[in-house]
Every structure is written in C-alpha cells, then in structure tokens.
Amino acid sequence: MRLKLFSAMAGMLLSAVAVVNAQEANPLEGRWDLTIEKDGKQLPSWLEISHSGTNTLVGRFVYAFGSARPVAEVKLKNDVFSFVIPRQWEPEGSDMTFTGLLDGEELKGTMIYTDGQPYSWTAVRAPKLEYVEKVKWGKSKELFNGKDLVGWEAMGENQWIIEDGVLTSPKSGANLVSNEKFKDFKLHVEFKVPP
C-alpha cells in the first residue's frame, strides 16, 4: 500500500513538473520597477507579471499611491502588451490604460491617466533581494516624535493630525512620506484600534 501511494504521488509530481516545464516563460514575466513621467515629476511605481494557466498573463500593479492592485489580464499582441487598471484613488474619469513593449532589457510605454492625458513610462527589472542570514542593523531611529509631522510630508492635501501622541487620519487622503530616505530597513509600527 505504501509503495503504491508513493508511486502514484511520484507520478503526479512528475506530471506537474512536465506541465510547468511545458510553459515557456514570457520575457515580460517578473517584477519591474516603473518610473512614470507625469507633470514634470517622476512617479515610482511597480509591476509584476506572471503566468496563470497555460496562456494567460496576469499581474499586480502599484501606482505612485494606493495599494497593490490585481491585473486580471496582460494582453499581448505582436510585441505590444497592454492592461487596464480601474480607478481607485485617482480623480474622476476613465480607467488607466497601459501599453508597452520590451526594449532590450527595459520596458517602455504609455499610460493614459483617468483624465485622458498620456504619460510615458520606463521600467527596469526589480533587483533580486538576497537573503542575509545574520543581518547587522544600525542604531534604531524614531521617525515620529508624537507631537507633530516634523520629518514627514503629505503627498497632497494633508489630513493627518496628532491627538494624544497618536498619528491619525480622520478621513481618506494623502499618504505620508518621510523626508529622509532609507535603503534596507526594519520598520516597527504600532497600531491603536478601537475595542
């Protein structure tokens, strides 16, 4: 009985390996660091493209603000790919539409924003982050003083307030960004939630 079960499991595993190997990786697949040129600013964004099933490319996208959004399908016609992102925090208008192509080791393309305006973008492969077994962290640094927003700025109209040492956003609005830049870091954040 054990031998038969093992034999059946080994057969299923080999079948699964054969299916995975039968799918050739598309050169678009992977994680990409995007830079969108919009109104004289460079907006850092992020795109991940992967296989779903045998023929479909799907993904995830992070715009300059907001959260990671699913990409239901990355359509590919000849050498040009495209995908659509529904509005989330953007102003009124239509969905954002992206078109692009692989140019050597980079992606290049155009984003049609919710207001119908086109903006160009480029992307490079995101670097692989190597796992470090024994990390040596530097000294810790407090980024929030509990009194005001010194060291921080809002990306848009500020709705953030401090009450009794707690940073609060009473309504949806602008993200906060630290003035100081960091590379590799470990972040300790505490959240206060109602009972």
### Message
Please determine whether any residue of segment 109-129 is exposed (fewer than 10 other Cβ atoms within 10 Å of the Cβ) and more than 30 Å from residue 38 (Cα to Cα).
### Response
no
### Summary
Of 134, 147, the only residue that is at pLDDT 90 or above, farther than 23 Å from residue 92 by Cα and open to solvent by 100 Å² or more (accessible area, probe 1.4 Å) is 147
### Message
Looking only at segment 76-106, filter to residues that are without any contact (Cβ under 8 Å) to a residue 12 or more places away in the chain and assigned to a strand (DSSP E or B); which one of those is least open to solvent (accessible area, probe 1.4 Å)?
### Response
103
### Task
Out of 181, 171, 186, report the one residue that is open to solvent by 100 Å² or more (accessible area, probe 1.4 Å), more than 27 Å from residue 138 (Cα to Cα), part of a loop (DSSP other than H, G, I, E, B) and at pLDDT 85 or above.
171
### Task
Show the residue pairs that are 6+ apart or on different chains and have beta-carbon atoms under 6 Å apart, the first residue being within segment 142-163 and of a type in the set (Gly, Ala, Ser), the second being part of a loop (DSSP other than H, G, I, E, B) and open to solvent by 80 Å² or more (accessible area, probe 1.4 Å).
151/179
### Message
Quick test of your reading of the structure: residue 156 fulfils all but one of (1) on the phi > 0 side of the Ramachandran plot; (2) under 19 Å from the mean Cα position of the chain (by Cα). Name the failing condition by number.
### Response
(2)
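The values are calculated or read from the model by the stated rules, or taken from the named source; none is laboratory data. Small disclaimer: the values here were computed from a predicted structure and weren't measured. Quick reminder, even Gly has a Cβ in these numbers, built from the backbone with ideal geometry, and neighbours come from all protein chains shown. The accessibility values were calculated without ligands, DNA or RNA, using every heavy atom of the protein model including side chains. Shrake-Rupley method; radii C 1.70, N 1.55, O 1.52, S 1.80 Å.
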